[in-house]
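See below for the structure under consideration.
The values are calculated or read from the model by the stated rules, or taken from the named source; none is laboratory data. Not measured: the values here are computed from a predicted model. Glycine also receives a Cβ, built like all others from the backbone with ideal geometry; neighbour counts cover every protein chain displayed. The area values use the complete protein model at the heavy-atom level, side chains included, leaving out ligands, DNA and RNA. Shrake-Rupley method; radii C 1.70, N 1.55, O 1.52, S 1.80 Å.
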Amino acid sequence: MSERADRSGNRELRARFDDVYGQYQQLRSGLDTLQTRLAELRVTRRSADGQVTATVGAQGRLLGVELTPAVYRDRDAGALGRKITETIQDAAEAAADATRDLVAETMPAGSGSADFLRTGDFGTLLGRADAVLGRGEGPA
């Protein structure tokens, strides 16, 4: 009788393991795709007057700035500097939004990854792990 119960328990444990491993494989595949999509992400923004164009990558790193010849008509270097800076910041903010959206599409709900990208708070990233480990911190 106890051998039968052990076999039944082993089958249930094996089925649970297979389910969890399948979920892991699916997540891993999704992460590979996410990594590729993030590496390819480019966001371009133009200044309101169209004189400055900035392109950034997923992490907001500047990839390029283009200026139209019209920027040379106004000899205010300070204004041009502010316009370039604002355009780059707009592109970086848009890239952060796009990155969060891509991560939210890939990661399981409640993983904390998207919240971490929004807030930079490691507590949101680690909260679920803490809860799973039984520390009682973060969401259940």
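Scanning for something of a type outside the set (D, E, K, R), closer than 23 Å to residue 104 by Cβ, exposed (fewer than 13 other Cβ atoms within 10 Å of the Cβ) and out of contact with any Phe, Trp or Tyr (no Cβ under 7 Å at 6 or more places or on another chain), does segment 36-46 turn up at least one residue?
For segment 36-46, residues of a type outside the set (D, E, K, R), closer than 23 Å to residue 104 by Cβ, exposed (fewer than 13 other Cβ atoms within 10 Å of the Cβ) and out of contact with any Phe, Trp or Tyr (no Cβ under 7 Å at 6 or more places or on another chain): present.
Before we move on, is residue 38 under 26 Å from residue 127 (Cβ atoms) and touching a residue at least 12 places away in the same chain (Cβ under 8 Å)?
On the way: under 26 Å from residue 127 (Cβ atoms): yes; touching a residue at least 12 places away in the same chain (Cβ under 8 Å): yes.
Answer is yes for this residue.
Looking only at residues that are in a helix (DSSP H, G or I) and among the acidic types (Asp, Glu) in segment 104-125, which one is surrounded by the fewest Cβ atoms within 10 Å (Cβ to Cβ)?
Residue satisfying both the conditions and the ranking: 105.
Could you grab the pairs with beta carbons closer than 9 Å, sequence gap of 6+ or different chains, first residue in segment 88-103 and closer than 14 Å to residue 47 by Cα and surrounded by fewer than 17 Cβ atoms within 10 Å (Cβ to Cβ), second one at pLDDT below 95 and among the hydrophobic types (A, V, I, L, M, F, W, C)?
none
In this structure, is residue 63 in contact with a Gly (Cβ under 7 Å, 6 or more places away or on another chain), among the hydrophobic types (A, V, I, L, M, F, W, C) and either without any contact (Cβ under 8 Å) to a residue 24 or more places away in the chain or open to solvent by less than 90 Å² (accessible area, probe 1.4 Å) (or both)?
For residue 63, the condition - in contact with a Gly (Cβ under 7 Å, 6 or more places away or on another chain), among the hydrophobic types (A, V, I, L, M, F, W, C) and either without any contact (Cβ under 8 Å) to a residue 24 or more places away in the chain or open to solvent by less than 90 Å² (accessible area, probe 1.4 Å) (or both) - is met.
Go through 74, 18 for me and flag whichever is outside any strand (DSSP E or B), open to solvent by 50 Å² or more (accessible area, probe 1.4 Å) and at pLDDT 80 or above.
Numbers: 18 fails: at pLDDT 80 or above.
So the residue among 74, 18 that is outside any strand (DSSP E or B), open to solvent by 50 Å² or more (accessible area, probe 1.4 Å) and at pLDDT 80 or above is 74.
Could you go through segment 31-45 and let me know if any residue there is among the hydrophobic types (A, V, I, L, M, F, W, C), part of a strand (DSSP E or B) and either out of contact with any Pro (no Cβ under 7 Å at 6 or more places or on another chain) or under 30 Å from residue 90 (Cα atoms) (or both). Walk me through how you get there before you give the answer.
Residues of segment 31-45 that are among the hydrophobic types (A, V, I, L, M, F, W, C), as a first pass: 31, 34, 38-39, 41, 43.
In the following step, the residues that additionally are part of a strand (DSSP E or B) were identified as 43.
Add one more test, that the residue is either out of contact with any Pro (no Cβ under 7 Å at 6 or more places or on another chain) or under 30 Å from residue 90 (Cα atoms) (or both), and what stays is 43.
Within segment 31-45, one or more residues are among the hydrophobic types (A, V, I, L, M, F, W, C), part of a strand (DSSP E or B) and either out of contact with any Pro (no Cβ under 7 Å at 6 or more places or on another chain) or under 30 Å from residue 90 (Cα atoms) (or both).
Right, residue 91: at pLDDT 90 or above, part of a helix (DSSP H, G or I) and within 14 Å of the chain's Cα centre (by Cα) or not?
no
So in segment 49-60, with the set limited to residues that are closer than 13 Å to residue 87 by Cα, modelled with pLDDT of 95 or more and under 19 Å from the mean Cα position of the chain (by Cα), which one is most open to solvent (accessible area, probe 1.4 Å)?
So, considering only residues that are closer than 13 Å to residue 87 by Cα, modelled with pLDDT of 95 or more and under 19 Å from the mean Cα position of the chain (by Cα), the one most open to solvent (accessible area, probe 1.4 Å) is 55.
Among the residues of segment 78-87 satisfying the criterion of being out of contact with any Ser or Thr (no Cβ under 6 Å at 6 or more places or on another chain) and open to solvent by less than 80 Å² (accessible area, probe 1.4 Å), which is nearest to residue 117 (Cα to Cα)?
85
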